[in-house]
Amino acid sequence: MSKVVQVQNITKTYGKKGEKQYQALKGVSFDVERGEFVGIMGASGSGKTTLLNILSTLDQPTTGNVYINGRDITGLNKNQMADFRGQEIGFIFQDFNLLENLTNRENIALPLSLQNVKASEINPKVDKIAKRLGIDHILNKYPAEISGGQKQRVAAARALVHEPAILYGDEPTGALDSKSATELLETMKGLNEKDRVSILMVTHDPYSASYASRILFIKDGKIGKEIKKDGKSREEFYQEIIAELGRR
Amino acid sequence: MLWKLSLTGIKSRFKDYLVLFSGLTFASAIFYMFMTLATNPAFLKGSLSIAFQITQIVFGFGIALLSIITFVYIVYANSFLLSMRQKDYGMYMMLGARTSKIGRLIFTETLVVGLLATLLGTVLGVALTQGVSSILISQLGLQIHKFVGFYLPALLWTIAFFAILFFLAAFWNRHKLVKSNIINLLHEDQKPVKLHRNKLWKFIEALLGIALLGTGYWAMMHAVKLGTKTIPIAFFTIVFGSYFTFDSFFTAIIDLLRKNLAFKYRKLHSFTLGQLKFRLSDYTRILSTVSLLFALALGAITVGLNFNNMTEQAMESTYYDVVLYNHNKKVDNQLKKVSVKSTTNLEYKIIMEGKGKERQRILYIPESQIENNKIMYQHYSRKNDVSHYDTRRITLNDFKNKKSNVAAEGEYQLVSLTPYKDAQVKVVPQVQYNRIKATVNKIELLRVNDFRSNFNNIEKLQKLSVNQMISSPNATKDGINVNLSNSKSAQYRLVSSMTSGFEFMGFFLGLAFLAMLASTLMFKVLSGANSDKPRYQMLWKIGTRKSLLKSSIAKEIGILFALPAALGVVDVLFGLQLFKSILGMNTYDKLWIPFTIFGVLYVIYYFLTVVLYQHIVLQKED
């Protein structure tokens, strides 16, 4: 199996030299295999947002290297970073981040237009992913006209339409009710298992995390423990996560 | 404590406040300038004694318009202030601050910001009035004297007007904050806009809009026929026509573009179109207002500059620049200071003939003079509502039929060249002329190279020559009837003193309107910037290059600026018909000058808006 994400000993320090400095990440290393579903758990202030920002090229590490799909993303300039995000990464955010002045179809098509995909190829691709996520009947509506669960599916469709190397989820179930949350997680699991989509999900919710195949616990800027599902049922894995969280 | 928090809030958004504050300052400065011009008796008496009444009407109209624009402007500037602050205040309320206290806070903040800006603005206004008026006066060669920037009544009016406006704005802000839910204040930007409208109504609206605009334009083109009805008809139809056009026509174009997939799915086009679609429904009123103001401002500048053409016309009405009657030392010395292009001589004899009541002064001119000396004059006619002069030569043929119009005009032109305006002209054969016992008189008709640039010397030369005639001891007895007012110099001075005033006013009015309308549009656009911020951040996160975001912003704002400008230009092109028929001047001449001046300033406002918007919306990358 090849590695889709390689993180090598990254640190992130805020504040200028000589002034008061704060180290958010203190040497983090891990890999994500292609087709893996990895969860990252940590309390607020543990450094998980900083880590996700660096992994998604929104921020740069102070030291260390990050390889995504074999490419070192720490040496890229601003335009290269923007293009890289547009091509290799898909995002699902907690608050959906859909553009309410575009229809759902236009929202999903956005990453393709940004990559200069031919107009005639765009609609078939949008239709395909929308069908896969069960939102093909609401494509011509505006985000304000659909439910929260549907919005997150539209966001997922937008994140996947350009077939990125990896899908990042930043608390994707945070704004959903439990039914919609479960539906979304089942969908993500399906995408991971059937469509071989690599997923990296940041969350502090043990229920969401139990859908992952491996979980990294981050604490005070370092990776603490790592636990694997390894054939356990989701319920058993959930109990294990709860136990691990209770230990700290 | 809350006061302290509120001040910190201002500090953290200092740059945005600076924009708002300078906008308000500028508005009050312009208002003051205009009030000074409109009410300052020194300005009116100094230059516009003849057209005093017209001027007052025009200025009164100008003040009314400017007040309305200022009002609209304050409304949008105020909504920009509120959009910056509502999140902060919502947060204070969430933290438990009492509504009444927050109400007092926003009330005071609005009033203090407004009044400080007004005070600073009036000070700036005094300096600006002084500076701008002296620049305009010297640049345009205007004949305005004794103009002082400070005028107390205007100052008081300005302060009173703005104080009332800000008081109202403060009440409005307080009302808005106190009445709305905390949740809405915190999440104002996430409220969706409904966009479902009847398509048939849109279609009718589009037709109605174009029909109304057409009617308005037609009315302005037929102003002579419609008389006083023209302005109300044009005003009504164009106001509503613009509104309907913006509400339907432009949204229809955007919808059409959205249907074109190849266009929509390129780069950020779909996003820009989406923004515009939502914007247009929200912007209909302001865009139609701006287009009208744009037309008024551009029209004012164009017509103002055209008064300059009127002075040209005044110069065209007379062929010879200077008429020299007799020479003396003073005249000869002055003549050296003028660059003469050509000199034409005219010889004549003058005697009294007839008896009793019939006794009259007769001016004899030999046929040879007419034949050989090529005496020219400017013939006046009116074609297609435009006054027109063409140069003609007096020939012997003109006098063949003594009762014809041509003969009458020829005689009139000849006698008005001489100092005997009351005499009757007789053109006679040389033999007959020689028999008349009277002294031979000569006049010299000069054409010069530098009439406008050397005007003062030319005027002095004409004055000296006229004075010499009048001051001769037998002037009255000899029937010498000449004064400076008949000369080209005097006409030029008269017309230019009148037109300078109009030109100055048109220019000033135009610039004031332009500044107001462009800043109104600017604040309307900027007050939406805060709610657009998350959209641009999201686009950036999913991999949009910053340069692409910038160009999308530039395009979007560019269209919002271009639409009212386009309609405004069309309004002006038709509106000028009005002046063409009323004032009889060809207002389409040299149109590019006012259009260029106006365009450059408008484009500067556009770029300013784009830069400020980008500054608010886009995150800094380090």
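Got a sec? Charge dipole of the protein assembly as shown, +1 on Cβ for Lys and Arg, -1 for Asp and Glu; which of B:V569, A:G39, B:L82 is way out at the positive end? Most positive-ward Cα: B:V569. The alpha-carbon atoms of the range B:247-374, seen along their principal axes, cover 93, 43, 30 angstrom, with the largest extent given first.
With Rh defined as the Kirkwood radius, the inverse of the mean 1/r over Cα pairs, the Rg/Rh of the range B:398-448 is 0.99.
Measuring against 32 Å, Cα to Cα, the residue pairs A:K131/B:K555; A:K26/B:K267; A:K26/A:K125; B:K264/B:K524 contain A:K131/B:K555; A:K26/B:K267; A:K26/A:K125 as the ones spanning a longer distance. Within the straight-line cut-off of under 13 Å between alpha carbons, the aspartates and glutamates reachable from A:K78 are A:D59, B:E621, B:D622, sequence neighbours fewer than 8 places apart in one chain being disregarded. Only helices enter this figure: runs of n ≥ 4 DSSP H residues, each worth -39500 (n - 2.57), summed and divided by the residues of chain B, yield -24000 deg cm²/dmol at 222 nm to the nearest 500. Counts of other chain beta carbons within 10 angstrom of each beta carbon in peptide A:100-109 average 5. Pairs of lysine residues in the range A:150-248 that meet both criteria, 8 or more places apart or on different chains and Cα atoms under 29 Å apart, total 22.
Charges were assigned to the Cβ only: +1 to each Lys and Arg, -1 to each Asp and Glu. The resulting dipole of the range B:322-489 about its Cα centre is roughly 220 debye.
Other protein chain C-beta atoms within 10 Å of residue C-beta, averaged over A:54-61: 2. Straight-line reach only, C-alpha to C-alpha below 14 angstrom: list the aspartates and glutamates that B:K202 could link to, leaving out same-chain residues fewer than 8 apart. Partners found: B:D247, B:D255. Once you order the gyration tensor axes a ≥ b ≥ c over the Cα atoms, which shape class does chain B get: rounded for a/c under 1.5, otherwise prolate or oblate by comparing a/b with b/c? Because a/c hits 1.5 or more and a/b exceeds b/c, chain B counts as prolate. Rounded to 0.05, the FRET efficiency of the A:K232 and A:N9 pair, given R0 = 35 Å and the Cβ-Cβ distance, is 0.70. Quick check: net charge around B:N467, other residues with Cβ under 14 Å of its Cβ, Lys/Arg +1 and Asp/Glu -1? The answer is +3. Count Lys and Arg as plus one, Asp and Glu as minus one, and take only other residues whose Cβ is under 13 Å from that of B:F249; the net charge is then -2. Of B:K355/B:K400; B:K341/B:K590; B:K383/B:K421; B:K357/B:K402; A:K48/B:K101; A:K118/B:K277, which sit over 31 Å apart, Cα to Cα? In this structure, A:K48/B:K101 lie more than 31 Å apart at Cα. Membrane-span-like helices of chain B, defined as complete DSSP H segments with a Cα extent of 20 Å or more along the helix axis and a mean Kyte hydropathy of at least 0.0, are identified as B:14-39, B:52-94, B:99-139, B:152-179, B:199-221, B:230-244, B:269-316, B:488-527, B:546-583, B:592-617. Here the scattering of the range B:354-465 is modelled by Debye summation over its C-alpha atoms, one equal scatterer each and no solvent; at q = 0.13, 0.19 Å⁻¹ the log10 of I(q)/I(0) is -0.66, -1.18. Considering the protein assembly as shown, its Cα convex hull presents a mean projected area of 51.0 nm².
GNM on chain A, alpha-carbon springs under 10 angstrom: the most fluctuating residue among A:P172, A:P164, A:P124 is A:P124. Local charge for B:D450 was computed over the other residues whose Cβ lies under 12 Å away, with Lys and Arg +1 and Asp and Glu -1, and equals +3.
In the protein assembly as shown, taking the dipole from charged Cβ atoms about the Cα centre, the farthest positive-side position among B:T544, B:S6, A:I92 is held by B:S6.
Rounded to the nearest 20 debye, the dipole magnitude of chain A is 500 debye, with +1 charges on Lys and Arg beta carbons, -1 on Asp and Glu beta carbons, and the Cα centre as origin. Dipole check for the protein assembly as shown: with +1 at the C-beta of Lys and Arg, -1 at the C-beta of Asp and Glu, and the Cα centre as origin, the magnitude is about 1100 Debye.
For a test of the definition: using alpha carbon positions, the gyration tensor, and the 1.5 limit on a/c, classify chain A as rounded, prolate or oblate. Because a/c hits 1.5 or more and a/b fails to exceed b/c, chain A counts as oblate.
No value in this document is a laboratory result; all are computed from the given coordinates. For clarity, every value in this text was computed on a predicted model and none was experimentally measured. Glycine also receives a Cβ, built like all others from the backbone with ideal geometry; neighbour counts cover every protein chain displayed.
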